[in-house]
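This report concerns only the one structure given below.
The values are calculated or read from the model by the stated rules, or taken from the named source; none is laboratory data. Please read all numbers here as calculations on a predicted model, not as lab measurements. Note that each Cβ is placed from the backbone with ideal geometry, even for glycine, and that neighbours are counted across all protein chains shown.
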Amino acid sequence: MPARTFIEAIRDTLIDEMRRDESIIVLGEDVGKKGGVFLATDGLWAEFGDDRVIDTPLTESMIVGASIGAAVNGLRPVAEIQFADFIFPAFNQLVSEAARMRYRSNNGYSVPMVVRAPYGGGVHGALYHSQSVEAFFTHVPGLKVVVPSTPYDARGLLRASIRDDDPVLFFEHKKMYRSVRGDVPDTDYVVPLGKAAVTHPGSQMTVIAYGLMAHYALEAADTVAEEDISVEVIDLRTLRPLDKETVLESVRKTGKCLIVYEDNRFGGYGAEVAAIVAEEAFDYLDGPVTRIAGPDVPGVPYNHVLEDWFMVSPEKIATGIRTLAAY
Amino acid sequence: MAVAKGRDTSLGAAVGLTDADLVEMYRYVALARALDERMWILNRAGRIPFVISGQGHEGAQVGIAWAFQRGHDWIAPFYRSIATCLTFGMSPRDIMTAQYATANDPSSGGRQMPGHYGSHEHNLVSVSSPVATQLLHAVGIALAAKIRKSGQVAMTSMGEGSSNQGDVHEGLNFAAIHKLPFVFVVENNGYAISVPAAMQLSVADVAERAAGYGIPGVVVDGADVLACYAAARDAVARARAGEGPSLIEAKVTRLTGHSSDDQQTKYRSEEELAAEKVRDPLPVFRSRLVEAGVLTPEIEERLAAEIKAAVEDATDYAEAQPDPDPATATRYVYAEDVD
């Protein structure tokens, strides 16, 4: 079973899917000859040509809006937004159009489309190359939101997303592109959307995370294990639809719940998870549902000292675990 | 979409249409008007809560839509596109059930406000309320048509106010770069709700902006149905030949308020409104057809009876249809798996 980096898993999957289904096209800024600023689409243009790998002008709304139209007329577009930070010009097309097309047409239309975007901080990207934007979109019925954390899941979830008949936002933490490696089978496996994974079994506390934070949560779980704190880590993998069953089953077992996310704390995705746990597992709770999240400033600052201050780290998570464990 | 051949006068022949085509086009203009007028009566009678109208736009809509191939080409319409949707295959019942938001309203099953038409069966893209978003959908449809070599042409239409949105710039630029089979129609009625075109546009004609994309931009009189048809026919031919997009600006008039919730005398003078009546495409087209001998008293009588019956039927039908069941309101957020 070959080991792949996170970005290799994404690139290989795009190539495999495009070979399998000629209705798949890729479009975005610099995705062609250059192969994307992170090289996620490297080699696609050479193999699939101008018609199926399209360098667009700097027009995020057009990238998404034209993808909606192409999907309506029989294609399966995989659009790339160069950085998640730049997705906001396309917000109207995603929220008012892609998300609502099926509902507002009473199932007359569907939009089978994937929008990939690198997100996340810790890469010296400052305010506009570091954002976590998932909460804006997980709020919207009609959209699916996927955040893989391993090369295996990236491949299986990207396949599922491309084959899905609804619009999927696929957020890839850019710090993981080359730093995370893992085994990726060459088989045609799919990781279904809406299924979380228990990545570290434990008994005293449930730690819920996704993306880069799913790795940091595992590191923190290993650290506190040496202090005899047994933590169960859940990697959500898909944020919408949320795998409530896996979350609630774990919290009902452990009695404590810590939610980790990199985005600003206030109104972040973890707030919804906390509300669900409080409403549906209240009788099992043995401590306050707690969040470890980014601070409420308008962006990740550039200077490395400031960036470290912003970022959630394994150490900060371990501290949160100790505090909740002692409750 | 030429219909049966018959005795052809020079009026239609000048643009390659038969007399039967002209009569059928007139029927769509008159049918759209009659349905529209009925909608206002139903609104004022308290039967339906909201109307957004196409009165004054029908001539341009029918003339332009006539140049596209029904069931093959695509149209992303807007909220005044009643005549466009009728010409492209929706029925009076389809239009009227949308006013009543019935369970079987084919546009949305009663989920959308009236005026937000759409039909996958007829290649009419579902309309939303944020304006100009649909231009990008039509561009994407045209992109898919080019990639799939389907020979389809995609059209979108909107008002001159909507044409100021950023999506229009992004989409025209992309369509022009890739020479997509795309036609952009601006139905310029001079007002964006209450704001006159002079406060919306820095140029006299939206069509001037076509030069910025290196594509043809033409202005046509929206009351001249055949001129609208000819402009669209040329744009469609150009698109199908792989020569790229075109912009058509039809100067139309808005004979009603923006919607049933608008009182346009607050911002338009009685004199202006009276003067605009001469630009009403329905009597203009009718006179032309009568003068050319295409529209005889017998034909007119037949059409009037047909249209009256169609409007009555559509109203009675829509009145009798059930509301959607609230139990269905959670359906079709996502694709439903076959269980």
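Numbers for the structure displayed
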{"read-out": "The one condition in (1) crowded, with 24+ Cβ neighbours inside 10 Å; (2) outside any helix (DSSP H, G or I) that B:Gly46 fails to fulfil", "value": "(1)"}
{"read-out": "Subset of region A:135-193 that is among the polar types (S, T, N, Q) and not in a helix (DSSP H, G or I) - its residue that is farthest from A:Gly211 (Cα to Cα)", "value": "A:Thr187"}
{"read-out": "Sole residue being surrounded by fewer than 24 Cβ atoms within 10 Å (Cβ to Cβ) and in contact (Cβ under 8 Å) with a residue 12 or more places away in the chain, chosen from A:Arg52, A:Arg102, A:Arg116", "value": "A:Arg52"}
{"read-out": "Subset of region A:64-86 [more than 9 Å from chain B (Cβ to nearest Cβ) and either surrounded by 24 or more Cβ atoms within 10 Å (Cβ to Cβ) or under 19 Å from the mean Cα position of the chain (by Cα) (or both)]", "value": "A:Val78, A:Ala79, A:Glu80, A:Ile81, A:Gln82, A:Phe83, A:Ala84, A:Asp85, A:Phe86"}
{"read-out": "Candidate set from region A:147-178 (those that are among the small types (Gly, Ala, Ser) and within 14 Å of chain B (Cβ to nearest Cβ)); member that is surrounded by the most Cβ atoms within 10 Å (Cβ to Cβ)", "value": "A:Ser161"}
{"read-out": "Condition check for A:Val95: part of a helix (DSSP H, G or I), within 28 Å of B:Lys149 (Cβ to Cβ) and of a type outside the set (S, T, N, Q)", "value": "no"}
{"read-out": "Among (1) touching a Ser or Thr at 6+ places or on another chain (Cβ under 6 Å); (2) at pLDDT below 95; (3) not small (Gly, Ala, Ser) - the single one B:Asp337 does not satisfy", "value": "(1)"}
{"read-out": "Residue in region A:219-246 that is surrounded by the most Cβ atoms within 10 Å (Cβ to Cβ), counting only those that are polar (S, T, N, Q) and over 17 Å from the mean Cα position of the chain (by Cα)", "value": "A:Thr246"}
{"read-out": "Hey, B:Asn164 within 13 Å of chain A (Cβ to nearest Cβ), on the phi < 0 side of the Ramachandran plot and over 16 Å from the mean Cα position of the chain (by Cα) or not", "value": "no"}
{"read-out": "Close pairs (6 angstrom Cβ cut-off, 6 or more residues apart or separate chains): under 10 Å from B:Leu247 (Cβ atoms) and at pLDDT 95 or above in region B:214-226, part of a loop (DSSP other than H, G, I, E, B) and not small (Gly, Ala, Ser) anywhere", "value": "B:Ile215/B:Pro245; B:Val219/B:Asp205"}
{"read-out": "Top-ranked residue in region B:253-275 [being part of a loop (DSSP other than H, G, I, E, B) and farther than 22 Å from B:Gln99 by Cβ; ranked as nearest to the chain's Cα centre (by Cα)]", "value": "B:Thr253"}
